[in-house]
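Structure, as structure tokens:
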Amino acid sequence: MSVFSKIIKEEEILVKLKTKRDIGFWQYQLFGILSLFMEKRNDFFIITNKRILISIKENITANIIYKDFSKIKFNTKTDLLSFVNEDNQVKEISLSKLKLEYDDYQFLKNKLN
């Protein structure tokens, strides 16, 4: 979460989703049973009152300023988040890299639709 601390210093967090990153096939093959005990890091999806942030593998992959929270929609079938940017254009971002689980879909559906 420290990755975001400077960016969202004075912003209100409206939606926060923390997902567990999967252990990849090659990691599992290389480390075997030890991979079950390794520290698993998290990926984050955050919507503040000003911006949308996505962090995957400790890197910020999206830092987008939007215009109106009420116009943010999430399509659970395609994992696409649509919003209106600063220039009044409708944009979309894919959340497929976050590896959302059923509970995550329900949470986003309730918060955004």
Next on the checklist: I'd like the residue in segment 71-94 that is assigned to a strand (DSSP E or B) and hydroxyl-bearing (Ser, Thr, Tyr) and, out of all such residues, is farthest from the chain's Cα centre (by Cα).
Outcome noted: Ser82
Checklist outcome for this item: Log entry, pairs with first residue in segment 1-30 being closer than 16 Å to Ser55 by Cα, second being at pLDDT below 75, beta carbons closer than 6 Å, six or more apart or on different chains, reads Lys20/Lys40; Arg21/Arg41
Checklist outcome for this item: (1) in contact (Cβ under 8 Å) with a residue 24 or more places away in the chain; (2) in contact with a strand residue (DSSP E or B) (Cβ under 7 Å, 6 or more places away or on another chain) all hold for Asp68 apart from (1)
Next on the checklist: Condition first: over 22 Å from Thr19 (Cα atoms), in contact with a helix residue (DSSP H, G or I) (Cβ under 6 Å, 6 or more places away or on another chain) and of a type outside the set (Phe, Trp, Tyr). Can you find one or more residues in segment 80-90 that meet it?
Outcome noted: yes
Item to check | Residue list for segment 50-93, restricted to those being among the aliphatic types (A, V, I, L, M) and exposed (fewer than 14 other Cβ atoms within 10 Å of the Cβ) | outcome: Ile60, Ile65, Val90
Checklist entry - Among the listed residues Lys40, Lys18, which satisfies the condition of being surrounded by 12 or more Cβ atoms within 10 Å (Cβ to Cβ), at negative phi and either at pLDDT below 85 or not small (Gly, Ala, Ser) (or both)? => result Lys18
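The values are calculated or read from the model by the stated rules, or taken from the named source; none is laboratory data. Keep in mind that this is a model prediction, so the values were computed, not measured. In this analysis, Cβ positions are derived from the backbone assuming ideal geometry, glycine residues included, and neighbour counts consider all displayed protein chains.
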